[in-house]
Amino acid sequence: MAEQKKEFFWKYESVLDHDITPEQFKAVTGFDWERRFEYLQSVVNSPYAGCRDIVELYGGLHSRPRNNNKCKHYSELAAKAPMIMDYCD
């Protein structure tokens, strides 16, 4: 049997690619399940931008067993995400 290529739920990887429940989604992202497409458009808008939330998901804080390997992997990817800085005078 040929290996299937994993496809992302969105253009970039997000928590929605990790079998997240609506309750976990709300706890991790702050968005209601019905607003998941708004989350994707506003937050997961570049490569690695969704990795911070994936780290939280695998960190064991949201009704999911902690997975240190995945947590570390996505933490390293999250560090590659572009940062947005706000400055005040």
| request: Mind ranking 12-21, 36-45 by how tightly packed they are, going by the mean number of other C-beta atoms within 10 angstrom, highest first? | output: 12-21, 36-45
| How far, in nm, would the chain grow between Asn67 and Lys80 when pulled straight, counting 0.36 nm per residue and subtracting the alpha carbon separation? | 2.6 nm
| Placed amide H near Ser14: partners under 5 Å, 5+ positions off or other chain | Phe9
| query | Running Debye on the range 27-87 with equal point scatterers at the Cα sites and no solvent, what base-10 log of I(q)/I(0) appears at q = 0.18 Å⁻¹? | reply | -0.69
| said: Given a Förster distance of 22 Å, report the FRET efficiency between Ser46 and Thr21 from their Cβ-Cβ distance, rounded to the nearest 0.05. | reply: 0.30
| request: Express the relative contact order of the range 27-87 as a whole percentage, based on alpha carbon pairs under 8 Å and six or more residues apart in sequence. | output: 31 percent
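FYI, it's all coordinate maths here, none of it is from the lab. All values reported here derive from a predicted model rather than from experimental measurement. Here Cβ is always computed from backbone atoms with ideal geometry, including for glycine, and neighbour counts include all displayed protein chains.
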